[in-house]
Amino acid sequence: MIEDELRAAFARLEESTPPVGPVRAAVDRAVITRRRHRRRVRLAGTALAVAAVALGGFTAMAPRPPAPTAAPLLATPEPAPGGALNVLLLGVDQAAGSRRADSILLVHVPADRSRLFLVSLPRDLLVPMPEQGGLGKLNATFSRAAGSGTDLAAGFRATRQAVARLTGVRVDAGAVLTYPGARELTDAVGGVPVCLPEPVRSVHTGRRFPSGCQRLNGAAAVDLLRQRYGLRDGGLDRDRNAARYAAGLLHQMREQGTATDPAQLGRLLLRVGSAVTVDTGDLSLPALVAASGRAAAAEPVAVAFPVLAEWNGRGYEPDRELTPGLLDALRADRLGEWAAAHPAWVTSLR
């Protein structure tokens, strides 16, 4: 009797229990959707890191004290850091057996992640040189530390310290890329659109770049990024063209869908990875790219560091009226307000 009652009870329980098949399928769909969402976020951030590599014609995030390591591929996501971030990007050329930082760009990622701000620092900007005493060109900090050009990490660390002293902000990460790396990256994405306000003629190859928008392959992009002679403002115009190239690279990657296609992004990273060295400071690479991914989705704003127009024979002096306001805005995370109030120092990207 008891045995019959138990069998009946278990039968009723089995009838009231929902089948596991549909439940398991629903759970699997939710997990897949969540993974895809996380992957899209991670890929967008990583795409920014790759794009940043070309900002200024050269970029490579170099590791802090230890020797640089090749940029890793996608890693396990971590919580994104809060607050504003500052990433130093250096464009390096080879000359007379030594390396020199031709392009120096400070990328500010605001706390609200609304967009990227590209602050061009003139390579010939006069800054304090505590080790030597007096003033010297900003790019000299790199060449002196890098020696013959083999120790790029030392050159980056010296430049990072000089930029931190100049701006009063913490440099959270950085990058170094040679011109051959920029050429490879440009070709890997199928060329980069660049919009020039005036025509440019290369003193190196004779190539002519018309005014207006055009698509550059790797060789043409590097040729343009090297130009300063013949430009109205010399090296300052080269800095502006570097910002235009960086904006075009980000645009190209968004248009191609590289940021959301694992296969495309993987091939791109493998192709240029050996030319990129990444220093994320106290952050991991996944945390850094996650923090900057959202900001990279919007059109960046390029700002030129205010200097006196007259060359004093040694370099460019900061504009004493405008520089304090820019640096205050940078420290207070209000670069958008400063740019809106000083349109003459904003570089046109289109």
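Within the range 201-229, the set of residues being more than 20 Å from Gly91 (Cα to Cα) and either among the aromatic types (Phe, Trp, Tyr) or modelled with pLDDT under 95 (or both) comprises just one member, Phe209.
Among residues that are touching a residue at least 60 places away in the same chain (Cβ under 8 Å) and of a type outside the set (Ser, Thr, Tyr), Gly133 is not included.
Tell me, which residue of the range 135-171 that is among the small types (Gly, Ala, Ser) and part of a loop (DSSP other than H, G, I, E, B) is modelled with the highest pLDDT? The selected residue is Gly168. Here is the figure for the range 185-229: residues that are assigned to a loop (DSSP other than H, G, I, E, B) and either hydroxyl-bearing (Ser, Thr, Tyr) or in contact with a strand residue (DSSP E or B) (Cβ under 8 Å, 6 or more places away or on another chain) (or both) total 9.
Within the range 279-331, work out how many residues are within 21 Å of the chain's Cα centre (by Cα) and modelled with pLDDT of 85 or more. Number of matching residues: 13. Determine, yes or no, whether Thr186 is of a type in the set (Val, Ile, Thr) and within 15 Å of Gly91 (Cα to Cα). Spelling it out, Thr186 is indeed of a type in the set (Val, Ile, Thr) and within 15 Å of Gly91 (Cα to Cα). Taken over the range 172-200, the criterion of being charged (D, E, K, R), at pLDDT below 95 and more than 20 Å from Val119 (Cα to Cα) is satisfied by Arg183, Glu184, Asp187.
Only residues that are assigned to a strand (DSSP E or B), in contact with a helix residue (DSSP H, G or I) (Cβ under 6 Å, 6 or more places away or on another chain) and not β-branched (Val, Ile, Thr) were counted across the range 94-134, and they come to 10.
The values are calculated or read from the model by the stated rules, or taken from the named source; none is laboratory data. Quick caveat: nothing in here was measured; it's all calculated off a predicted structure. Don't worry about glycine lacking a Cβ; one is built from the backbone with ideal geometry, like all the others, and counts go over all protein chains shown.
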